[in-house]
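No value in this document is a laboratory result; all are computed from the given coordinates. Keep in mind that what you see is a predicted model, and the values were worked out from it rather than measured. Every residue, glycine among them, receives a Cβ derived from its backbone with ideal geometry; neighbour counts consider all protein chains shown.
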Amino acid sequence: MVAEKNPVIGEAYSRLRVMSEDEANRMIYEARLKAQRDEYSRIQGALLKDREEGRQEGREEGRQEGREEKLKIVRNLKNLGIPVEQIARATGLSIDELAAL
């Protein structure tokens, strides 16, 4: 009755029952518990992998957006007639890179 009201005591009682069972039942219980833990671990690993892949995609998108923004700035500076040398110093790009744009 106390085990039904208190979840901690209920869990302890459940484990005590398992430990007191015969060896075959205890092995079945432990195998099932291990399988549950393995499945949980597999799912957590997959979630972490997906999260890291998402971060990687986000970083790449950010880099691409940065490149596009820098290209817009370079075009605007060229259209304003600013010398290529000054644009190179301002953007950190080489003159060859600017010529390629």
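Sort 58-67, 83-92 by packing, meaning the average of other beta carbons within 10 Å per residue, with the highest value first. Present the calculation step by step, with values, prior to reporting the outcome.
On the way: 58-67: 10.0, 83-92: 12.7.
Averaged packing, sorted descending, gives the order 83-92, 58-67.
So what's the gap between the Cα centers of segment 13-39 and segment 69-83, to the nearest angstrom?
Using only Cα atoms to place each centre, the spacing works out to 70 Å.
When only C-alpha pairs under 8 Å and at least 6 residues apart count, what is the relative contact order of the chain, in percent? Mind showing how you got there, number by number?
On the way: 26 pairs, mean separation 10.7, N = 101.
Computed value for the chain: 11 percent relative contact order.
List residues of segment 1-34, by number, whose backbone nitrogen lies under 13 Å from a label position 7 Å along Cα→C-beta of Ser41.
Within reach of a label on Ser41, which here means backbone N under 13 Å from a point 7 Å along Cα→Cβ, segment 1-34 contributes 33-34.
How large is the translational diffusion coefficient of segment 19-63 in µm² per second when you combine the Kirkwood radius over alpha carbon pairs with Stokes-Einstein at 25 °C and 0.890 mPa s?
Working: Rh = 13.2 Å.
For these conditions, the coefficient is 186 µm²/s.
When a footprinting reagent is the concern and you count Cβ atoms within 10 Å, what order do Lys49, Lys70 take, fewest first?
Details: Lys49 10, Lys70 15.
Ordered by Cβ neighbours within 10 Å, fewest first: Lys49, Lys70.
Just to check I understand the Karplus step: with θ = phi - 60° and J = 6.51 cos²θ - 1.76 cosθ + 1.60, what whole-Hz values come out for segment 44-54, glycine and proline as x?
Going residue by residue, I get 4, x, 5, 5, 5, 5, 4, 5, 5, 4, x Hz, with x marking Gly and Pro.
Quickly estimate the mean residue ellipticity at 222 nm for the chain, helices only: each DSSP H run with n ≥ 4 gives -39500 (n - 2.57), and the total goes over all residues, rounded to 500. Provide the component values of the computation, followed by the final result.
Details: 5 runs with 89 residues, N = 101.
-30000 deg cm²/dmol, from helical runs alone.
Which ³J(HN,Hα) values in Hz, rounded to whole numbers, follow from the phi angles of segment 94-101 under the Karplus curve 6.51 cos²θ - 1.76 cosθ + 1.60, where θ = phi - 60° and Gly and Pro get x?
Going residue by residue, I get 7, 5, 4, 5, 5, 5, 5, 6 Hz, with x marking Gly and Pro.
Convert 20 °C to kelvin, take the viscosity as 1.002 mPa s, use the Kirkwood radius over C-alpha pairs of the chain as Rh, and evaluate the Stokes-Einstein diffusion coefficient in µm²/s, rounded to a whole number.
Values: Rh = 19.8 Å.
Reported coefficient: 108 µm²/s.
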